[in-house]
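The values are calculated or read from the model by the stated rules, or taken from the named source; none is laboratory data. What you see is a predicted model; the values in this text were computed from it and never measured. Backbone-built Cβ (ideal geometry, glycine too); neighbour counts: all protein chains shown.
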Amino acid sequence: MRSILSGTRYPETLFTSVITRCRADRDLNGMRAAILKACLVRADRKFDRKESVPVSLDVHEPNPGYRLGRLFAVLERIQREALDSVNASIRDRFYGAASATPGTVFPILLRTTGHHLAKLRKSDKARLAGWFEKEIGAIMDGLGTSLPRNLSVGDQGRFAIGYYHQRYGRRTDAPPEVAGILNTETTADAED
């Protein structure tokens, strides 16, 4: 409350507690994303930096944490489209490790995603597989030649925000048949 009234930074413990909860129960909802964004924005304001966290999905955001969060959401979506129902999604199994040590986890996830994309290509969702491949390529282009070994706590927050934006953002840049699938199921996911 003191931070709100005085306009100072939010406590670092608030930020780390939300990240810890996201990693522990793998539930990143709008409230948690908003708290993380508020903490990052306040910290940037204190140092007179321009707001470094986008309001909604920003495909041009260069921050590696944000991009990796977006990539994780895309990989999760590919798994969901290819396998329909699974006992444990990649979010259930890898969210914590992917947000902290992406250099270790993402090569495994990308290898597995190749199998999921092959399954999509063999089904009636071949155009969706092509769109997902382009999306992965666009996100990876902004990451450079290698994935970061670790993400700082601030970048872990940006990872969560990127994941949230990619997962729940409405896509207008996709072809109509792909956008229909992405936006319909995204709305249903947000209501859960």
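For Glu76, indicate whether it is acidic (Asp, Glu) and over 29 Å from Thr145 (Cβ atoms). So Glu76 fails the test. Restricting attention to the stretch 135-145, the residues that are outside any helix (DSSP H, G or I) and either within 17 Å of the chain's Cα centre (by Cα) or at negative phi (or both) total 3. Among the residues of the stretch 8-41, those that are touching a residue at least 24 places away in the same chain (Cβ under 8 Å), among the small types (Gly, Ala, Ser) and loosely packed, with under 14 Cβ neighbours inside 10 Å comprise Ala24, Gly30.
Among the candidates Gly154, Gly65, Gly69, which residue alone is small (Gly, Ala, Ser), on the phi < 0 side of the Ramachandran plot, over 12 Å from the mean Cα position of the chain (by Cα) and in a helix (DSSP H, G or I)? None of the other options fit; the residue is Gly154. Looking only at the stretch 84-134, filter to residues that are outside any helix (DSSP H, G or I) and among the aliphatic types (A, V, I, L, M); which one of those is farthest from the chain's Cα centre (by Cα)? The residue in question is Val86. Listed conditions (1) among the aliphatic types (A, V, I, L, M); (2) crowded, with 17+ Cβ neighbours inside 10 Å; (3) more than 16 Å from Leu147 (Cβ to Cβ) are all met by Ala88, apart from (2).
Is it fair to say Val53 is over 30 Å from Ser3 (Cβ atoms), touching a residue at least 60 places away in the same chain (Cβ under 8 Å) and of a type in the set (Val, Ile, Thr)? Considered against the rule, which asks whether it is over 30 Å from Ser3 (Cβ atoms), touching a residue at least 60 places away in the same chain (Cβ under 8 Å) and of a type in the set (Val, Ile, Thr), Val53 comes out as no. Being at pLDDT 85 or above, assigned to a helix (DSSP H, G or I) and of a type in the set (D, E, K, R) holds for only one residue in Arg45, Arg32, and it is Arg32. Exactly one residue out of Arg93, Arg70, Arg77, Arg42 is touching a Gly at 6+ places or on another chain (Cβ under 7 Å) and not hydroxyl-bearing (Ser, Thr, Tyr), and it is Arg70.
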